[in-house]
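To start, the structure itself, in structure tokens.
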Amino acid sequence: MTNIFFENEEITENDLYFLCYMIERIARRLHQRNKYVVNQISREEWMRLISLADVLHCENPEKIEEEWIQEYELQVGDFDITEVDTELVKQVPTETQMGKVYMRLIVDTLQSDENYVDGMIRVYNDELCDTLDDYNCGAYYEPSYFIVRAYQNGGF
């Protein structure tokens, strides 16, 4: 497990996971893509949030959702990630499962000059996310190394 420091605060993969989990929760609640949530909050604010993640994860996630939606003026959209073909998808992956998928992809593709927040912004803005978030195709169930290879090769 790689640890990164921000203003003398140790940032861990668990802190990154918390952000990915919250992004997933908020995007689903607002019917937005994850990319929308990531891009509506500034890099500096993400840095602050990841440094507080070890405390925020103790809070009720619904409370954190509500606070972030209000504080960052996040708007309702029309993309429902849970709307799937029931012939193909028996169970939509949970926010926790998808938070882990994204956290692993960020960590596994982290570049030497990046911190977790920079990696998070880079990954969530990649076109591969459209495939990962299409639950009808099941790409999110692939092993981490396969998803990383698809990311590096520009797609599945």
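The values are calculated or read from the model by the stated rules, or taken from the named source; none is laboratory data. It should be emphasised that the depicted structure is a prediction, and the values quoted were computed from it without experimental measurement. Cβ coordinates were reconstructed from backbone atoms using ideal geometry, including for glycine residues, and neighbour counts include every protein chain displayed. Side chains are part of the model used for accessible areas, which takes the heavy atoms of the whole protein and leaves out ligands, DNA and RNA. Shrake-Rupley method; radii C 1.70, N 1.55, O 1.52, S 1.80 Å.
Below is a table of values for the structure above.
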{"quantity": "Cross-link partners of Lys90 among aspartates and glutamates (Cα-Cα below 17 Å; sequence separation of 8 or more within a chain)", "calculated": "Asp80, Asp133, Asp134, Glu142"}
{"quantity": "Long-range amide H partners of Ile11 with built H, under 5 Å", "calculated": "Ile4, Phe5, Phe6"}
{"quantity": "DSSP-loop GluC sites (Glu not before Pro) across region 39-72, with at most 16 other Cβ within 10 angstrom", "calculated": "Glu59"}
{"quantity": "Accessible area (Å², per residue) of the chain, counting only protein heavy atoms and a probe of 1.4 Å", "calculated": "54"}
{"quantity": "Relative contact order [Cα under 8 Å, 6+ residues apart], region 54-156, whole percent", "calculated": "24"}
{"quantity": "GNM result for the chain, Cα springs below 10 Å: residue of Val37, Val84, Val117 fluctuating most strongly", "calculated": "Val84"}
{"quantity": "Estimated Rh, the chain: Kirkwood, alpha-carbon pairs, angstrom", "calculated": "15.9"}
{"quantity": "Gyration tensor (alpha-carbon) shape descriptor, region 18-72, a/c threshold 1.5", "calculated": "oblate"}
{"quantity": "Extension gain (nm, one decimal) between Asp54 and Thr109, 0.36 nm per residue minus Cα-Cα", "calculated": "17.5 nm"}
{"quantity": "Two-site label geometry, Thr82 and Asp118: point separation in nm, points 7 Å out along Cα→Cβ", "calculated": "3.7"}
{"quantity": "Proximal lysines to Lys63, defined as alpha-carbon separation beneath 22 angstrom and excluding residues fewer than eight positions away on the same chain", "calculated": "Lys35, Lys100"}
